1. With a ≥ b ≥ c taken as the square roots of the eigenvalues of the C-alpha gyration tensor of region 10-78, please select rounded if a/c is under 1.5 and otherwise prolate if a/b is larger than b/c or oblate if it is not?
2. Calculate the length of the line joining the C-alpha centroid of region 1-26 to that of region 61-126, in whole Å.
3. In degrees from 0 to 90, rounded to the nearest 10, what is the angle of the helix 15-26 Cα long axis to the longest principal axis of the chain?
4. Using only alpha-carbon positions, what ratio does the radius of gyration of the chain give when scaled by 2.2 N^0.38 Å?
5. So what is the relative contact order for the chain, in percent, with contacts set as C-alpha pairs under 8 Å and at least six apart?
6. Taking θ as phi - 60°, what are the ³J(HN,Hα) couplings along region 34-47 by the Karplus curve (6.51, -1.76, 1.60), each to the nearest whole Hz, with x for Gly and Pro?
7. Just give me a number: lysine pairs in the chain, eight or more positions apart or cross-chain, with C-alpha atoms less than 29 Å apart.
8. Would you work out which of G16, G27, P114 lies farthest towards the positive end of the dipole of the chain, given +1 charges on the beta-carbon of Lys and Arg and -1 on that of Asp and Glu, about the Cα centre?
Amino acid sequence: MVKKLLHTRMRVNDLGRTVKFYQEALGLKLTRQHTSPRGAQLAFLSTPHSDEEIEICQLPNSPSVAVQPDLMHLAFEVDDLAVFTVQLEQKGYKLSDGPTQSGSGSVIAFIDAPEGYEVELIQRAK
């Protein structure tokens, strides 16, 4: 039986640009970075209050990443979406969709990471 989720891997075209996005826009922390035995450049990012990490991978000599619309997304909880949006805009990032009130009373919005991966921001209903 599986014990727990350790990380989710996403392949990108520009490791440095993607790591910078997650650090600046979302405040994630780079926990380690190395080259795999197969030559892949890897960076691991942690999220506050979560055990799981995001693994960002750039493979040398591989086809360019072209993310299909609505293929996958990561979702992060924020305390106050309006305040978080202002902070994003001050850093030069803009929402790609929302904010939208959900049926559960939560407020959601999206921002696009490099390569077009969607990042969902959720302010849970109070």
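1. Details: a/c = 2.01, a/b = 1.29, b/c = 1.56.
Oblate, because a/c is 1.5 or more while a/b does not exceed b/c.
2. Distance between centres, Cα-based: 15 Å.
3. Result, in degrees: 20.
4. 1.11
5. Values: 225 pairs, mean separation 29.4, N = 126.
RCO, the chain: 23 percent.
6. 6, 9, 6, x, 8, x, 6, 7, 10, 9, 10, 10, 10, 10
7. Eligible lysine pairs with Cα atoms under 29 Å apart amount to 12.
8. Projecting each Cα onto the dipole axis, the largest value belongs to G16.
Every number here is computed from the coordinates shown, using simple stated rules; none is lab data. Worth saying up front: this structure is predicted, and the values here are computed from it rather than measured. FYI the Cβ positions are ideal-geometry reconstructions off the backbone, even for glycines, and counts take in every protein chain you see.
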